[in-house]
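Structure, as structure tokens:
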């Protein structure tokens, strides 16, 4: 029984379509059908029913799906235990949140290059909602991002780190820095991350009663948000490590509010049906290097 046939079975079951599964697996539909037929012959059962409304699991297919998922997980664990790091070759596509890119991209890439010298890394930076969608659509293989609600059936998530967010503003003579009320903050533009991210949802809830007054400007670039704050264009809500240099130099000052800003949690994610052990290996090394800095 071949692992790739089990993986194909799981993929079709999750997507409910041979066409979608073949596209994500980068094989033709006839080749995918051949894999499923081979598996059905080996098991002596029919796994799918094809109809006008799509492809559904048979009763026996539904019974066997959890076993196939467990076997795939075991195969991945075997790769990890066998220590196949140096045998890995090819290209790995990684999506990383801009915050983590600023703080960790250089040490992470240095470590990954050392551990996997024959792997080429393709890196892209974007906001978490975009990254998780790209992961599910097989456009990237691993994400390092803000922890967002995901479909746990298709995505594996591993905690990375967390950072306290802070309110910062351009330093000015006589500027009040203590005990800002929500209504006082709403009188100034607010600078933060794009729509549908965790910080954006937090701000929407925070300024709900001040909706008519609060103006929120968003940007996906950490460097741009910091620059806008330094130029006096508003109050920025950012993870503390991103602005430590600016706070130390005095170009920005931290202001205290009646409500403590939320902690920003980060995680690694990869697809649950991923056959390669490499995303898990990289996630583990990322977790280790970030934990060692605490």
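The values are calculated or read from the model by the stated rules, or taken from the named source; none is laboratory data. All values derive from a computational prediction rather than experimental measurement. Glycine also receives a Cβ, built like all others from the backbone with ideal geometry; neighbour counts cover every protein chain displayed.
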Of all strands (runs of 3 or more DSSP E) fully inside the range 103-173, the set with 2 or more residues that are outside the structural domain of residue 93 (by TED's automatic domain parsing) and surrounded by 20 or more Cβ atoms within 10 Å (Cβ to Cβ) is 155-170
Residues of the range 177-192 being assigned to a loop (DSSP other than H, G, I, E, B) and within 19 Å of residue 219 (Cα to Cα), in sequence order, are 186, 188, 189
- Message: Yes or no: the range 240-249 includes at least one residue that is within 17 Å of the chain's Cα centre (by Cα) and either part of a helix (DSSP H, G or I) or assigned by TED's automatic domain parsing to the domain that holds residue 131 (or both).
- Response: no
Log entry, pairs with first residue in the range 110-128 being closer than 30 Å to residue 201 by Cβ, second being at pLDDT 90 or above and assigned to a strand (DSSP E or B), beta carbons closer than 6 Å, six or more apart or on different chains, reads 122/93; 123/94; 124/95; 125/96; 128/145; 128/146
Is there a residue being in a helix (DSSP H, G or I) and assigned by TED's automatic domain parsing to the domain that holds residue 183 anywhere in the range 255-267?
no
If we take the range 1-79, then helices (runs of 4 or more DSSP H) inside it with 3 or more residues that are closer than 24 Å to residue 89 by Cα are 3-15, 18-25
The number of residues in the range 69-104 that are over 24 Å from residue 132 (Cα atoms) and modelled with pLDDT of 85 or more is 1
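Residues are listed down the side, and each one gets a yes or a no for (1) surrounded by 15 or more Cβ atoms within 10 Å (Cβ to Cβ); (2) over 24 Å from residue 277 (Cα atoms); (3) in contact with a helix residue (DSSP H, G or I) (Cβ under 7 Å, 6 or more places away or on another chain); (4) not assigned by TED's automatic domain parsing to the domain that holds residue 276:
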position	(1), (2), (3), (4)
24	yes, no, yes, yes
28	no, yes, yes, yes
34	no, yes, no, yes
40	yes, yes, no, yes
44	no, yes, no, yes
52	no, yes, no, yes
63	no, yes, no, yes
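Inspect the range 269-278 for any residue being at pLDDT 90 or above, surrounded by 16 or more Cβ atoms within 10 Å (Cβ to Cβ) and in the same structural domain as residue 137 (by TED's automatic domain parsing) and give the result as yes or no.
Yes, that holds for at least one residue.
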If we ask which residues in the range 92-102 are farther than 18 Å from residue 141 by Cα and buried (at least 21 other Cβ atoms within 10 Å of the Cβ), their number turns out to be 1
Review point. Does the range 200-209 include one or more residues that are under 25 Å from the mean Cα position of the chain (by Cα), within 21 Å of residue 129 (Cβ to Cβ), crowded, with 16+ Cβ neighbours inside 10 Å and in contact (Cβ under 8 Å) with a residue 60 or more places away in the chain?
Key: yes
Of the residues in the range 143-169, those that are in contact with a strand residue (DSSP E or B) (Cβ under 8 Å, 6 or more places away or on another chain) and either at pLDDT below 90 or more than 16 Å from residue 257 (Cα to Cα) (or both) number 16
Across the range 206-229, the tally of residues that are under 19 Å from residue 256 (Cα atoms), modelled with pLDDT of 90 or more and out of contact with any strand residue (DSSP E or B) (no Cβ under 6 Å at 6 or more places or on another chain) stands at 1
